[in-house]
Every structure is written in structure tokens, then in C-alpha cells.
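Reviewing the structure listed below.
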Amino acid sequence: MSKKYVKIINGRILTPYRLIRNGEVLIADGKVEAVSEDETIGYDAEIIDAKGAYVSPGFVDIHVHGGGGSDFMDNDMHAFLNVAETHARFGTTAMLPTVLTSTKSAIIRSLATYEQAVAANMKGARFLGVHIEGPYFAMEQRGAQDPRYIRDPDPAEYMEILDSSSSIKRWSVAPERKGAIPFGDVLRERGILPSIAHTNALYKDVIQAFEHGYSLVTHLYSAMSGVTRRNAFRYGGVVESAYLIDEMDVEIIADGRHLPAELLKLAYKIKGPDRIALITDAMRAAAMPEGPSTLGSLADGIKVLVEDGVAKLPDRSAFAGSTATADRLVRTMVHDADIPLIDAIRMMTATPARILGVDRSVGTLVAGKEADIVIFDEYINIKMTMVKGEMIYVAS
């Protein structure tokens, strides 16, 4: 049986470490077969003319809650598919659906719904598993996480959740909570990534957590401790710990709202593109008009107000979620924070893929990997999104 070939021509191809001008990408049966500076011949291929636009690996979002009016906490398979299709329009080809702090039963239902949605997802960004964000957080750093459900890690509870599904790939926890350190060991033994989030931890807590598998900091700066005073003495918090531990990975919400340009520049200067993953952390209001919305499930979520390109608590006292899409993250890093495009793309592709352990199949345009590809212009406007060699979005 002959292979199905697709060839992307006339593109500025972004490899992990260089830009190939006027290059070509040859795809065979949904996988990258060759990336070339020269014209490849001898193939009866479908031709896609990039017309001088950038040809990039598809964007990998390892922290996303919703979009297009849907949220993963809605516990509806069609909501999952709508989120995947919505974000594909903005260049995301792979995502880690994230469920919020809630009851044990609601989390388990979300996991079951995810497993139904995986098989039905034909037109959206591929699913990479599930990220559970909470409920084991510091109450003072809960942000918009529902305080009714915040609690300490309970082995009886989390073992039931873990045993209910093989789809859990990551769990965000405040490491100073009672029981969080042995919980990290359990996660690591199961091949699940423990992540530090919504926390008042000090440096000593973070070091201990890192030794027990907590190798990622969830949305750096947001809902976490910085330098703090206790009994008149100053201590480094999670932000300083993330910078001090060279091997610690971080994710940042580069939507131009959660962090100003100077903090984006600082994180890039200290951690570099190989330790930073750009994330949307998007809720249901992503790609929707501004106005009232709901964080979490429609049935049991928190009412929020979307304005100025971000979700806020109704009293405007704090942000309550991101409405970003992946193209906006790259655009912010390049145009506002003056980060080189090739590094911004690495933070949106290769680095998150490596953090999640899926870099053998996605994250870079390399022969043998899945043909997850996005084409965009100078302003990061998405022209085409491809998953496994199939076009799932083409701009009109």
C-alpha cells in the first residue's frame, strides 16, 4: 500500500535551533519524513504552499481548562471536543486538559468523560492526558480555586482517584500541605508529574519537594509565595526557589495580563527557553466575547467577569483565569517582551513536550515525529493547523 505524501513548500521553517528560509517539509502517512533546505523530488504529494509564512511545530499547551464557551469541568464529552477544536484554530495541536479543585466525585467524573472524548476527538488538538489542579492547595493562595474544596492530601482519596484512571499525567499541589511530600512519591512511582502550585512554600519546602519529584512550578508568579517575612526574618519563596534550582521547570501565562513584560524578560533571562513552558491556563471564555462567565463547571463554578483580556473576580480584586490562546502567548513574548521568535516557539513546543515526556513524538519538526504543524504570519496569525498530517483548521 503506497504512502500518502504531503509537502509544505515556500515556508520559513522553525527547527529547534535555526530558521530554514524557503524550506520544505515532507510528510508521509501523518509523520514528518524530511525537513529540507532543498526541493525534494520524486514524490506524488499534495502541495501546501506556505507563501513565505512561518512553518512551526504545533503548539503544545500543558495547562488549559477550557475555551469556546466550554470547560473540562462541564463533564460533557462535547465540551471536551469543543475546547480541542477551539484551541486548534489558534495553533494548539496538543493539550493537557486541566480539571479544577472540586469534589472527589467530580474529578473522577471528569476523568471518565476525558476517556470517552479521546476516541471521539477527530477535529481538534490531540489530548495528552489529564492535569489535576488541586484540591491540595494553600487557602491563602487559592486564587479563584473554590475554597469549599481545598484540603490536605488524603491517601484514601487520592489513591481512589489514581486507581480510577490511567489518564492522569500531572497533578498540581502545594508542597507545604500535610501529606504532600509522600503524595509526590506516589505520583512519581506512577509516572505522574507532581507540580508546585497555589502555595505559600518557603525555599526549604521547595527543595524538599523537588527531591520528591516536584520538578515543575505551575504558572510562575501567579498564586505563590515570593520573598516573605516571618518573625522579622526574610525567606525566599517559590519564585526565588524556581530561579535557584537550575533543574526546576516553570510555566508562565504569557497573556500580557498575568505578568508584565519585565517579568517575562526576567524569567527568560534566568531560566532560558529550555526550562520555560508557555501555557494558556485558559478558561471557557477563551475565544469568546468579554462579559460575565463561569470558571469551572456551569453547574457548580465561580462567576467571573471577563474584561481587559482576562477573567477577574466580580469585585475585580484578583484575576480569575486566563482567556488566552496559544498564538497570543507567542505574540506577547515576541512583540512585548522582545524574545526571539525561535525561543518563543521552543517555549510553546519543544519545552512543554519534554516536560510532559512526549517529546519523542511531538514538539519539533524532526523526521519520524508526528506531523503536528502550524503555519502563521509575522503577527502570529494562524493560517493553518495540522494534526498527524491532517489539516484541521485553515484560515478563511
- Going by the conditions given, is D359 charged (D, E, K, R) and assigned to a loop (DSSP other than H, G, I, E, B)? yes
- Item | Odd one out for A324 among (1) on the phi < 0 side of the Ramachandran plot; (2) outside the structural domain of V130 (by TED's automatic domain parsing); (3) under 19 Å from the mean Cα position of the chain (by Cα); (4) of a type in the set (A, V, I, L, M) | (2)
- Message: Within region 76-92, does at least one residue satisfy the condition of being in contact (Cβ under 8 Å) with a residue 12 or more places away in the chain and assigned to a strand (DSSP E or B)?
- Response: yes
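Yes or no, residue by residue, for (1) among the small types (G, A, S); (2) within 25 Å of M95 (Cα to Cα):
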site	(1), (2)
W171	no, yes
A197	yes, yes
A201	yes, no
A209	yes, no
S215	yes, yes
T218	no, yes
V227	no, no
N231	no, no
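Among the listed residues T92, T86, T113, T101, which satisfies the condition of being under 13 Å from the mean Cα position of the chain (by Cα) and either on the phi > 0 side of the Ramachandran plot or in the same structural domain as H219 (by TED's automatic domain parsing) (or both)?
Just one listed residue meets the conditions, T92.
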- If we ask which residues in region 135-158 are in contact with a helix residue (DSSP H, G or I) (Cβ under 7 Å, 6 or more places away or on another chain), at pLDDT below 95 and assigned to a loop (DSSP other than H, G, I, E, B), their number turns out to be 1
- What are the residue pairs meeting all of these: first residue in region 179-191, first residue outside any loop (DSSP other than H, G, I, E, B), second residue surrounded by fewer than 18 Cβ atoms within 10 Å (Cβ to Cβ), Cβ atoms under 7 Å, and 6 or more apart or on different chains? I181/Q208
- Item | Options A326, A353, A337; residue that is within 17 Å of G124 (Cα to Cα) and of a type in the set (G, A, S) | A326
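Across region 254-264, which residue is surrounded by the most Cβ atoms within 10 Å (Cβ to Cβ) among those that are touching a residue at least 60 places away in the same chain (Cβ under 8 Å) and over 17 Å from T351 (Cα atoms)?
The extreme case among them is D255.
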- Task: Taking I20 as meeting all but one of (1) crowded, with 24+ Cβ neighbours inside 10 Å; (2) touching an Asp or Glu at 6+ places or on another chain (Cβ under 7 Å), write down the number of the exception.
- Result: (1)
- Counting only residues that are surrounded by 17 or more Cβ atoms within 10 Å (Cβ to Cβ), hydrophobic (A, V, I, L, M, F, W, C) and not in a strand (DSSP E or B), which one in region 269-312 is nearest to the chain's Cα centre (by Cα)? I279
- Item | Single condition L264 does not satisfy, out of (1) under 26 Å from Q208 (Cα atoms); (2) part of a helix (DSSP H, G or I); (3) in contact with a helix residue (DSSP H, G or I) (Cβ under 7 Å, 6 or more places away or on another chain) | (1)
- Note on the structure: Counting only residues in region 239-253 that are assigned to a loop (DSSP other than H, G, I, E, B) and among the charged types (D, E, K, R), the one surrounded by the most Cβ atoms within 10 Å (Cβ to Cβ) is identified as D246
- List the number of the failed condition for P352; all other conditions in (1) out of contact with any Asp or Glu (no Cβ under 8 Å at 6 or more places or on another chain); (2) within 16 Å of L128 (Cβ to Cβ); (3) in the same structural domain as I276 (by TED's automatic domain parsing) hold. (1)
- Message: For region 380-396, give me each residue that is out of contact with any Lys or Arg (no Cβ under 7 Å at 6 or more places or on another chain) and surrounded by fewer than 17 Cβ atoms within 10 Å (Cβ to Cβ).
- Response: N381, E390, M391, V394, S396
- Residues satisfying the stated conditions in region 313-328, i.e. touching a Ser or Thr at 6+ places or on another chain (Cβ under 6 Å) and either part of a helix (DSSP H, G or I) or surrounded by fewer than 21 Cβ atoms within 10 Å (Cβ to Cβ) (or both): A326
- Task: Determine which single condition R331 fails, assuming it passes every other condition in (1) among the charged types (D, E, K, R); (2) part of a loop (DSSP other than H, G, I, E, B); (3) out of contact with any strand residue (DSSP E or B) (no Cβ under 9 Å at 6 or more places or on another chain); (4) free of Cβ contacts under 8 Å to residues at least 60 places away in the same chain.
- Result: (2)
- Identify, please: which residue in region 344-368 is surrounded by fewer than 18 Cβ atoms within 10 Å (Cβ to Cβ) and over 14 Å from the mean Cα position of the chain (by Cα) and is, among those, nearest to M95 (Cα to Cα)? S361
- Expected single match for under 29 Å from S361 (Cα atoms) and touching a Gly at 6+ places or on another chain (Cβ under 8 Å) among R126, R170 is R170
- Query: Taking D49, is it surrounded by fewer than 17 Cβ atoms within 10 Å (Cβ to Cβ) and either at pLDDT 95 or above or touching a strand residue (DSSP E or B) at 6+ places or on another chain (Cβ under 7 Å) (or both)?
  - Reply: yes
- Task: Answer yes or no as to whether I207 is among the β-branched types (V, I, T) and touching a residue at least 40 places away in the same chain (Cβ under 8 Å).
- Result: no
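The values are calculated or read from the model by the stated rules, or taken from the named source; none is laboratory data. From a predicted model like this one, the values you see are computed outputs, not experimental measurements. Quick reminder, even Gly has a Cβ in these numbers, built from the backbone with ideal geometry, and neighbours come from all protein chains shown.
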